[in-house]
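Let me begin by presenting the structure, written as structure tokens, before commenting on it.
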Amino acid sequence: MSRAENTRERLGAMLWDARGEIVPGPELCGRLGISRQAVWKILNQLQREGFPVMIVSRRGYRLPVETKDCLHPLWLALAAQREGWHPVFSFHEEVSSTQQVAREFARSGAPSGTVVLAKRQTAGRGRRGRTWMSPPLGGIYMSVLMRPMLAPSQAPLLSLVAGLAVRDALQRTTGIESDLKWPNDLLVNGRKICGILTEASSDPDRILYAVTGMGINIDMTEEDVPDSLRSAVTSVRMLTGASTHQGWLVVAVLDAFATLVQALEQGKGSEIMKRYSKACATLGQDVRMVTDQEEISGWASGISAEGALLVETAKGLRAFSSADVVHASRVGE
Ligand code: BTN
């Protein structure tokens, strides 16, 4: 980090710690050892970028407790930091895919906890080679780079716990109750509100890095969705008639995700899969499993400790680590 970036972050942190209060300019200058003019210049620039600092004439600077929606990387970093968890944000107006950008960061050595966010994607990627519709301002397009202490066979668990994290965060910040559809879709009344994709690079013993991408439909409207998908997709706006504070939603998702990944690293996979199973609408349903090799029907009976879906089929119990699932209610569509 350059010296200038460090000064911006320290200024931001001082205002964050005094949220709601006016901090006099001379106090900031004294603590940072820079001039009043330099403080003003940095905070004025941050304000122009969308960081919600208020410049209170002749009295100082104030960061409000309540802000309108904010995805400024410094605000997100301050709001998201916890003991042992200091995510670093990279925010873009437009990218091909946040997955691609995060993977490039990973290959050039970026730390665990690097988060790539974009307002729009020109080539959003979905599971199994599909594209992910990413209209401008339609929602949150985010990829999280982690370097978890997990075995390669545990990589699918990252998507499952990301699903749990988004579910919790949506509930807490918008009141929306969603169901998990194995492996990692979030549905409300059978319509998709969030899709998740994990791409990992591993050596034989451990995951070197994993990039978990989350697409959460926030402001997407019916008009944004092609006719063929209209009955399959929903968004926060379609469900509640309003948007939500995306910054706090991102912070809540990351907080829950980091906590769950840490629990996986501590060997609590079975415990977490029990939680996942309770929230998973796929279990107890007749399902059709679609993989590149086959299509097979059965009854979804459980989730293994490694996140595979257990399906009782005519040929016996099968464990699927990846597949598309068609739920009973939709079999035959
Ligand atoms: C799926 O349901 O097929 C998974 C969709 C994952 C979409 C997200 S949006 C952010 C990140 N960037 C991408 O290109 N894809 C993921």
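The values are calculated or read from the model by the stated rules, or taken from the named source; none is laboratory data. Computed from a predicted structure; not experimentally measured. Ideal geometry is used to build each Cβ from the backbone, glycine not excepted, and the neighbour counts take in all protein chains shown. Remember, those area values only see protein heavy atoms, side chains included, never the ligands or the DNA or RNA. Shrake-Rupley method; radii C 1.70, N 1.55, O 1.52, S 1.80 Å.
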Span-like helices, the chain: DSSP H, alpha-carbon axial extent 27 Å or more, mean Kyte-Doolittle 0.5 or greater, which ones?
155-174, 246-265
Run the accessible area of region 26-136 with a 1.4 Å probe and give the carbon-and-sulfur part as a rounded percent.
51
Summed side-chain charge close to GLU94 - residues other than GLU94 whose Cβ falls under 14 Å, Lys, Arg +1, Asp, Glu -1:
+1
Additional length obtainable on full extension of the chain from ALA314 to LYS278, 0.36 nm per residue less Cα span
10.4 nm
Quick one: what are the phi-derived ³J(HN,Hα) couplings along region 290-305, Karplus 6.51/-1.76/1.60 with θ = phi - 60°, whole Hz, x for glycine and proline?
10, 10, 5, 8, 7, 10, 9, 9, x, 10, 6, 9, x, 10, 7, 4
Please report the equivalent ellipsoid semi-axes of region 1-159, computed as sqrt(5 x eigenvalue) of the Cα gyration tensor, largest first, in whole Å.
35, 18, 13
DSSP loop (so not H, G, I, E, B), at most 10 other Cβ within 10 Å: list which trypsin sites (Lys or Arg not before Pro) in region 31-64 pass both filters.
ARG58
Starting from the Kirkwood Rh over alpha-carbon pairs, what translational D in µm² s⁻¹ does the chain have by Stokes-Einstein at 4 °C and 1.567 mPa s?
61
Which of rounded, prolate, oblate describes region 273-312, given a ≥ b ≥ c as roots of the alpha-carbon gyration tensor eigenvalues and a/c under 1.5 marking rounded, otherwise prolate only if a/b is larger than b/c?
prolate
Under a plain spin-label model, where a point goes 7 Å from the Cα along Cα-to-Cβ, how far apart in nm are GLU265 and ARG120?
3.7
Contact order relative to length for region 17-118, counting C-alpha pairs under 8 Å separated by 6 or more residues, stands in percent at 22
To the nearest 20 debye, what charge dipole does region 287-328 have about its Cα centre, counting +1 at the Cβ of each Lys and Arg and -1 at the Cβ of each Asp and Glu?
140
Net charge within 13 Å of THR114 by Cβ-Cβ distance, Lys/Arg positive one each and Asp/Glu negative one each, not counting THR114 itself?
+2
Rounded FRET efficiency, nearest 0.05, which uses the C-beta distance separating ILE55 from ASP324 and R0 of 51 Å
0.45
Scoring only Lys, Arg, Asp and Glu (+1, +1, -1, -1) among other residues with Cβ under 9 Å from the Cβ of MET149 yields +1
Exceeding 21 Å between C-alpha atoms, which entries from my cross-link table qualify? They are LYS68/LYS181; LYS192/LYS278; LYS181/LYS274; LYS68/LYS119.
LYS68/LYS181
Rounded to whole Å², per residue accessible area for the chain with a 1.4 Å probe reads 47
Loop-resident trypsin sites (Lys or Arg not before Pro) in region 272-322 with no more than 16 other Cβ atoms inside 10 Å, DSSP not H/G/I/E/B, are LYS315
For SER243, what residues show an amide H to amide H distance below 5 Å, using hydrogens built from the backbone and excluding near sequence neighbours?
none
Using a Förster distance of 35 Å, the FRET efficiency for ARG128-LEU32 (Cβ separation, nearest 0.05):
0.10
